[in-house]
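Here the structure comes first, spelled out in structure tokens, and everything after it is commentary.
Quick note: the coordinates plus some simple rules give every number you see, no bench work behind them. What you are looking at is a predicted structure, and each value in this text was computed from that prediction instead of being measured.
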Amino acid sequence: MKSWKNPLLLIAGIGISYLGNWIYLIALNLSILNLTGSAAAVAGLYMIRPIAVLITNTWSGSIIDRVNKRKLMIMVDVIRGVFVLCIPFLGSLWAIYALLLLINIAGSFFGPSSSVYMTKLVPAENRKRFNSLMSMISSGAFLVGPALSGFLIMLVGTKFCIFINAITFFICAFFIYLLPNVDEKVENKREQINWRTLIQDWLVIRDFAKSAKYFITVYILFQSAMIVGFALDSQEATFIKQYLQLSDQDYGWIVSITGLGALAGGSVAAFAAKKIQLRLYLGVGMFLTAVGYVFFYASFNFLSATLAFIFLGFFMAFANSGYQTFFQNNVPVELMGRFGSIAEMVQGMIQIGLTLLLGLTADWFSLQAVCIIFSIVSTGFAGILLATVMIPAKSMYFEENVKVNL
């Protein structure tokens, strides 16, 4: 249990930040709507993060791999906390957009940095359980955050909810400050980042991709299935309200119950981490997640849609835990920041294109038919992924040293 002290502290810090993010998201949506009265202005919020990713991810990985990850994470959380504190005092939509862009640019460093830090902090034999616990905490925040936000907005208003998010960033930074330094070797690295450095880094990632063909194959298949799923997420509200003819309250219930399914999945994944093979988490988890999308878009009433989303949420927890563990075990830690940043940028561009394609074809043809076709495509990728990870000769890519129990 002593070996879990630091990982659990990291989970607690990031979990508090997740909860604050959900409270903040609901409050920010309402703040923008109250300020402008425009649904388009609210929709604009969801374009800011992809723009920030496109601005930063060509070069952020080069910085991440050359600096102290713990210090960088602390700095990013402090910067985000300070910027979020300023939002309630702004009266201009464009000023808010500009500040949110800066917040997201800073945030684009946190994800890849935390992934590298987790890999160094958590021993290989505990990573699958750690990632399952992270998934469980994320699902719990998704379940509790919106409901808590609604209560707080009624009680104290949207501005206070935004302040709460800023405080959670500071708390997360403090928890990370309490954690050990795992980057002693990079303290003396102060290599200047320029175009030549970036090109060399891209060539290093290219060479790694060429030398790790099986990993790249699994990575592409998983991300292909997942990206199609993310595109389908953009149509879930439209499908529920326009096709199933359900109310806003029904939609809220479905989302909340989905959170319960994801929380249950994360819990089971955490406790079964030492008993179920990593390849089953990754392959079976992703395949059944994709099947869940098919079930959802083939649903015909509230009950069938809810059951499909519970099924989807439950197995997505396994898929995400399996993917994170596979990624951490197969990407060299010294390349992880650069690889993750560049891959996230490419995935973001593909996701934007797929989301637009899905939206346009759903307008031209039957929404349900188009979404079922996309779901089947995702299931196809996931089926190939499952067959690929179950190849006996590739079992070494999924080996784990099981030594420590929680």
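Here are the numbers for this structure:
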read-out	value
5 angstrom amide H check on MET390, placed H, neighbours 5+ away	none
HN-Hα J in Hz across segment 67-74 - Karplus 6.51, -1.76, 1.60, θ = phi - 60°, x for Gly and Pro	10, 6, 5, 4, 5, 5, 4, 4
Set LYS213/LYS394; LYS69/LYS213; LYS71/LYS128; LYS69/LYS159; LYS120/LYS210 screened for pairs whose C-alpha atoms are more than 21 Å apart	LYS69/LYS213; LYS71/LYS128; LYS69/LYS159; LYS120/LYS210
Amide H within-cut-off set for VAL182, under 5 Å, with H built and near neighbours excluded	ARG70
Alpha-carbon centroids, segment 29-100 and segment 199-228: separation in whole Å	28
Solvent-free Debye scattering, log10 I(q)/I(0), computed from the Cα coordinates of the chain at q = 0.06, 0.12, 0.13 Å⁻¹	-0.24, -1.06, -1.27
Translational diffusion coefficient (Stokes-Einstein; Kirkwood radius from C-alpha pairs) of segment 293-406 at 25 °C, 0.890 mPa s, in µm²/s	143
Radius of gyration and maximum dimension Dmax of segment 200-399, Cα, Å	17.7, 54
GNM flexibility winner over the chain from ASN320, ASN181, ASN57 (Cα, springs under 10 Å)	ASN181
Cα extents of segment 1-178 along the three principal axes, largest first (Å)	51, 37, 23
